[in-house]
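To start, the structure under review is shown below, and the notes come after it.
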Amino acid sequence: MGIHDGHRQRLQKRFLQQGIESFEPINVLELLLFFTHKRCDTNEMAHRLIDRFGSFAGVLDAPYNALVEVEGIGPASATLIKLVQAVAAFYQADRTANCTVITRTSDAGEFFVGRLFGKPNEEVHVLLLDDKNKVLRATKLFEGTVNMAPISIKKVVTEVVATNATGVILAHNHPGGLALPSRNDKQATAQLMQALQLLNVRLVDHIIVAEDSYISLADTGLLAQLAYTR
């Protein structure tokens, strides 16, 4: 057994016994690359990836074409890295796929974290609810750039009319940022609230997601403040 084989077995055993929480980012990438490099040392490749993209998340978010430019990272490894990112997001979304009634802020927060986790660009989503807070439809309205996704009041109203919804929960994400509302977020929320009120539809909440955390404008009191001051 070579030195690399022994190291691989120890790393794999450590993962199976202790989980991944105690691993450094280098070790996680090293372990991942075992599946596309059966014999050679993957530690150096993991270091090159971190050096190039700055962090473990940066590696997963890196474009395929940039990954294959890194020494030792061929098409198979680049595909595996992109697959891991996609599977993580798919897993998060599937955990909340059966959410049918929104009874608490945490229901909506967890739902949208599942939908928006790991997304590289800002996206705008809505949940359309009936008068008993049952989910009628969940849909993505728009995808923008890394730091901008305009909230289209017309598209929200179209969804409301199509589903005969009486309540709306709006959500968007701040990729790589903080789950805090910007001035534009507040302005768009107030405008949407006013438009929905004309239809006798409630804006129940506006959820802002950043990675695996979120903030509720309803829970912070900002939604009520915007309704009062507009």
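The values are calculated or read from the model by the stated rules, or taken from the named source; none is laboratory data. Treat the numbers as computed from the prediction; the structure is a model and nothing was measured. Here the Cβ is made from the backbone with ideal geometry for all residues, glycine too, and neighbour counts use every protein chain on show. SASA here: full protein model, heavy atoms, side chains in, ligands and nucleic acids out. Shrake-Rupley method; radii C 1.70, N 1.55, O 1.52, S 1.80 Å.
Considering region 205-222, and only residues there that are surrounded by fewer than 21 Cβ atoms within 10 Å (Cβ to Cβ) and not polar (S, T, N, Q), the residue that is farthest from P120 (Cα to Cα) turns out to be G221.
Filtering region 67-78 to residues that are among the hydrophobic types (A, V, I, L, M, F, W, C) and crowded, with 17+ Cβ neighbours inside 10 Å leaves L67, V70, I73, A78. Evaluated against (1) open to solvent by 40 Å² or more (accessible area, probe 1.4 Å); (2) within 21 Å of R8 (Cβ to Cβ); (3) in contact with a helix residue (DSSP H, G or I) (Cβ under 7 Å, 6 or more places away or on another chain), Y64 falls short on exactly one condition, (2).
Restricting attention to region 93-103, does a residue exist that is in a loop (DSSP other than H, G, I, E, B) and more than 30 Å from V201 (Cβ to Cβ)? No, that holds for no residue. Residues that are part of a strand (DSSP E or B) and of a type outside the set (D, E, K, R) are absent from region 181-197 altogether. Just one residue in the set K82, K13 is at pLDDT below 90 and either within 22 Å of the chain's Cα centre (by Cα) or surrounded by fewer than 11 Cβ atoms within 10 Å (Cβ to Cβ) (or both); that residue is K13. Taken as a whole, region 167-185 holds no residue that is at pLDDT 90 or above and open to solvent by 40 Å² or more (accessible area, probe 1.4 Å). Candidates in region 151-166 are the residues that are outside any helix (DSSP H, G or I) and modelled with pLDDT of 90 or more; of these, the one that is farthest from V113 (Cα to Cα) is N164.
The helices (runs of 4 or more DSSP H) located wholly in region 6-71 that include 2 or more residues which are in contact with a Ser or Thr (Cβ under 8 Å, 6 or more places away or on another chain) occupy 25-33, 64-67. Residue pairs whose Cβ atoms lie under 8 Å apart, sitting 6 or more positions apart in sequence or on different chains, and linking a residue in region 149-171 that is closer than 9 Å to V126 by Cβ to a partner that is assigned to a helix (DSSP H, G or I) and of a type in the set (S, T, Y), are L170/T189.
Filter region 36-55 down to the residues that are under 14 Å from H7 (Cα atoms) and touching a residue at least 12 places away in the same chain (Cβ under 8 Å), then identify the one that is least open to solvent (accessible area, probe 1.4 Å).
Here is the first cut: in region 36-55, the ones under 14 Å from H7 (Cα atoms) are 37-44.
Filter once more, so that each one left must be touching a residue at least 12 places away in the same chain (Cβ under 8 Å): 37, 39-44.
Details: H37: 30, R39: 165, C40: 59, D41: 53, T42: 2, N43: 44, E44: 109 Å².
My answer is T42.
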